[in-house]
Amino acid sequence: GSPGPWLYDSLQASSSSSTAEVAWGAEASAACAAAAAAAGGASDEGSDEGSDAGEAGQASTAGAGADAAAAEGCVEADTGAGELPEGLEMCVKLMVPGEVASASCQPKYAYLNRPDAPAGLDASAPVEFEVLLLGFEREGYWQNLSWQQRWALAERLKAKGNALFKDKKYAYASNRYSHLLRLIESTRDFEDQQQLDTADSIKAALLSNLALVAFQQEEYARSIEWCDKALHMEPGNAKVMFRKGKALSMKGDYE
């Protein structure tokens, strides 16, 4: 039940070790503010439809505003996937839509050892974020979702992992796949064989994807472990056997 995605605007970051200030979000800030106002107005109009309909309307209008803002430089991200600096994510989780907050983060909780540090920012220095939260959506607890909702969420998480893998953000892709795998493995309330087969199919695909991610991260022993788990479910999967062979070769194991 991790909440997400969150939409936020990184307005500025400053390094305490330098007198220079790095600002990159002036235009995005204006776009986000406009989108937030538009989303808020539209949400108010839909509140007369009742609590359930009102909640759906808020999600819909916030999403529309988010799309417009994102095109102007705002950011949409899932929490719990490592997409945001840790300190920034902790800050965002405590915010409410429309709130502006400031978060001062030590390097470990900002951009130290991260590949996504803004150009011109010293990743080894503390960073101060100023954030405008436009809105957020909660996925809900897996066990409380209908089967249709579960499969839809599974497809979204898997697609997100695939997109991160395509962008060579392997650690983040692994987080998405692992998160979905934990959800699938926690499921105990299957009602028929078809639901069980669908879950097994998703699980096998996730294990195969995790093997590929580990291989790209040069974690060959881990890749072999994932392959073995996938082959336990689908012994004849040629793709997984090929991936295991490549990992064994990189380890120098040719037997």
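Remarks
- Local electrostatic count at L157 - Lys and Arg +1, Asp and Glu -1, tallied over other residues with Cβ under 11 Å: +3
- Protein accessible area in region 141-255, 1.4 Å probe - carbon and sulfur %: 50 percent
- Extension gain for A171-D116 works out to 18.5 nm (0.36 nm per residue, less the C-alpha to C-alpha distance).
- Reachable lysines, given that their alpha-carbon falls under 16 Å from the alpha-carbon of K168 and they are not under 8 places away in the same chain: K158, K160
- Annotation: extensible slack from E128 through H232 equals 32.6 nm (criterion: 0.36 nm per residue apart, minus Cα-Cα distance).
The values are calculated or read from the model by the stated rules, or taken from the named source; none is laboratory data. The structure presented is a predicted model; accordingly, all values stated were derived computationally and were not measured. FYI the Cβ positions are ideal-geometry reconstructions off the backbone, even for glycines, and counts take in every protein chain you see. Note: areas computed on protein heavy atoms with side chains; ligands, DNA, RNA excluded. Shrake-Rupley method; radii C 1.70, N 1.55, O 1.52, S 1.80 Å.
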